[in-house]
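Structure first, commentary second.
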Amino acid sequence: MAKGARAFTLIEVLVTATLVGVAVAGTLTAIGSLSRADVSARNAELLQRLASQKLAALRIEGDLRTAETSGDFSAEGYADADWSLELQTTDDANVEEATITATRGDSQQALSERVFFPPETTTTTGTGTSGQ
């Protein structure tokens, strides 16, 4: 070696390798967390979409008060996902809150909307006479 030339010592190389190793491990952990978050977000979006479609289908089929209250999404291709419907009364006359909950594994998403039910009309037939 030429006089005055400096080389890295073994300790400097080991410290650098350790720092690089820690940085790579941290990066891989972050990538794994992002991947899990992406899967969770996709699952939540799927459950919201399925719940929305099921609620729309139940409303089209007829009165939610007499509709099925639970089932699965096998017709949509997701036999591992279930749904349930719950109706809650509200302070508003003839309005109930319909909540449909979609569940798949450990994930669960609920969708609520208020539904107006027209008042039931009763008709009576009178047998009285006019007052003359």
Looking at (1) surrounded by 10 or more Cβ atoms within 10 Å (Cβ to Cβ); (2) more than 32 Å from the chain's Cα centre (by Cα), which one does ALA67 not meet, given that it meets all the others? (2)
Report every pair of residues separated by at least 6 positions or lying on different chains whose Cβ atoms are under 7 Å apart, first residue within the stretch 6-19 and modelled with pLDDT under 90, second surrounded by 10 or more Cβ atoms within 10 Å (Cβ to Cβ). none
Report, by residue number, each residue of the stretch 77-86 that is assigned to a strand (DSSP E or B) and either free of Cβ contacts under 8 Å to residues at least 24 places away in the same chain or under 12 Å from the mean Cα position of the chain (by Cα) (or both). ALA79, ALA81, ASP82, TRP83, SER84, GLU86
Of all residues in the stretch 89-106, how many are among the charged types (D, E, K, R), over 24 Å from GLN53 (Cβ atoms) and assigned to a strand (DSSP E or B)? 0
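The values are calculated or read from the model by the stated rules, or taken from the named source; none is laboratory data. Source: prediction; values computed, not measured. Positions of Cβ are generated from backbone atoms using ideal geometry, with glycine treated the same way; all protein chains shown enter the neighbour counts.
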